[in-house]
Amino acid sequence: PIYFDNHATTAVDPRVLEAMLPTFTEVFGNPSSVGHLFGEDAKQLVESCQQSLATLLNAEPSEIVFTSGATESNNLAIAGVLTQRRRRGDHIVTVTTEHKAVLDPIEHFEHQGFQVSRLVPRQKGDPWAGYLDPQQVEDAIRPDTGLVSIMLANNEIGVIHPLAEIGAICKQAGVLLHCDATQAVGKIPVDVQKLGVDLMSFSAHKIYGPKGVGALYVRKSGPRVRLQPAILGGGQQRGIRSGTLNVPGIVGLAEAVRLAVAEMSEETARLTTLRQRLWDGLRQRIDGLHLNGPELDRPEVRLAGNLNFAVEKVDGEALMMNVREIAVSSGSACTSANPQPSHVLRALGLSEDLTRSSLRFGLGRFNSVSEVEFAVDVVSNAVDKLRKLIV
Ligand code: PMP
């Protein structure tokens, strides 16, 4: 099968692997063992990764906290702010289309008595479907709002939210802003100063780095962000996140971000062309396709590699069963642990049927034109076959 599920995860780029290899056998010291050269070498390596990431994101090295991935980063940011004794208030603002790794921790605090405003983005039919207007955030903020959490790019429909405007609104109101930038870092320009975020999560395995490593940006300048740690222990990373540093993962994360940023503009152009070819090919051969999310000719509000569409008059499960030669996601298996219809597509106003018969392509670095043509064949043949069965 050909892999098109690059929003779920990506293959490690051989260049990233190469950068990681020495950390397994040569620079294997514990960065906290500063009494000898093995530890010092590892510490230096981690610091150079932190410096490189900070430069790429326009942050300070000490503002980068390494974690096991974006799920942990999101949990650390949300719980870290909300369990902090001196937080501003018990009201949270978020959007219905966030990843579960944001929605679930927020729901946990709702059960503890916090109040939550879940904003609804623009609906299907709008050229910017899935987009959150900054005004909605401004209107939702109250004197007791303690945290706003809005993602930068959505993992299902690729919509890009106006974080810089939202950041300015939060700053004006004096409210902390967390941003899940997991699908954005390395794909679109991300500058923590321009975005005005106080906390920002990202992960290596979405951008050709290894699984199990990510980071949380925690602002130190201006009004200081106080975080309650979630993992206690050896006091690493200034006590915010204890545990021996994952040196191979950190090297992989830093190299993955470096490569993605260096190649961003060329790769964006290439993926835009590939995606257009895919969508044109599909529309030529299949009737009754509905694009989910913003129009494709709006690069300012949609990731280049993302295509998500619903197929009318086919059963979603049957469709997935018949496109096994390609690896894509369906509108009902967004989180494999619970095959519910996608909460993101439902939030845009799609019916349950159209949600279930939706396919998500995440085109990536290793996809080619011939692979896209193959995908057009596989999907159109499957739809033809299934529709013939119905009549
Ligand atoms: N947030 C978003 C937007 C994501 O796409 C993902 C990955 N599906 C996550 C968070 C979770 O990231 P990780 O796998 O690194 O925990």
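Where a number appears in this text, it was derived from the coordinates with a stated rule and is not lab data. Predicted, not measured: the structure shown is a model, and the values here were computed from it. Cβ placement follows ideal geometry from the backbone for every residue including glycine, while neighbour counts extend to all protein chains displayed.
Numbers below:
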read-out: Cleavage-rule hits, chymotrypsin sites (Phe, Trp or Tyr not before Pro), region 301-370, DSSP coil, Cβ neighbours within 10 Å at most 10; value: none
read-out: With Cα atoms, 0 to 90° folded angle of helix 264-285 axis to the chain main axis; value: 20
read-out: Integer Hz, Karplus 6.51/-1.76/1.60 couplings in order for region 183-195, x for Gly and Pro; value: 8, 10, 4, x, 10, 10, x, 10, 10, 4, 6, 5, 6
read-out: Principal-axis tilt of helix 369-390 within the chain, Cα atoms, nearest 10 degrees; value: 50
read-out: Theoretical gain in end-to-end length, Asn58 to Met264 [0.36 nm per residue, Cα-Cα removed]; value: 72.5 nm
read-out: Reachable aspartates and glutamates, given that their alpha-carbon falls under 20 Å from the alpha-carbon of Lys187 and they are not under 8 places away in the same chain; value: Asp5, Asp13, Glu98, Glu156, Glu165, Glu255, Glu263, Glu266, Glu267, Glu295, Asp297, Glu300
read-out: Estimated 222 nm signal from helices in the chain, with DSSP H stretches of n ≥ 4 weighted -39500 (n - 2.57), rounded to 500; value: -12000 deg cm²/dmol
read-out: Region 1-88: GluC sites (Glu not before Pro) in DSSP loop, at most 11 other beta carbons within 10 Å; value: Glu26
read-out: Cα pair distances of region 23-149 binned at 5 Å [whole percent]; value: 2, 9, 14, 14, 14, 13, 11, 8, 7, 5, 2, 0, 0
read-out: The chain: antiparallel DSSP beta bridges as a percent of all, rounded to 5; value: 55
read-out: Low-density loop cleavage sites - GluC sites (Glu not before Pro) in region 247-332, where at most 14 other Cβ are within 10 Å (DSSP); value: Glu263, Glu295, Glu300, Glu312, Glu325
read-out: Candidate lysines - alpha carbon under 23 Å from Lys385, same-chain residues fewer than 8 apart omitted; value: Lys313
read-out: Per-selection Rg to Rh, the chain - Cα, Kirkwood hydrodynamic radius; value: 0.98
read-out: Extended-chain gain in nm, criterion 0.36 nm per residue less alpha-carbon gap, Gln193 and Leu289; value: 30.6 nm
read-out: Proximal lysines to Lys220, defined as alpha-carbon separation beneath 20 angstrom and excluding residues fewer than eight positions away on the same chain; value: Lys171, Lys194
read-out: Amide hydrogen neighbours beyond the local backbone of Thr9, cut-off 5 Å, H modeled; value: none
read-out: With Cα atoms, 0 to 90° folded angle of helix 37-57 axis to the chain main axis; value: 50
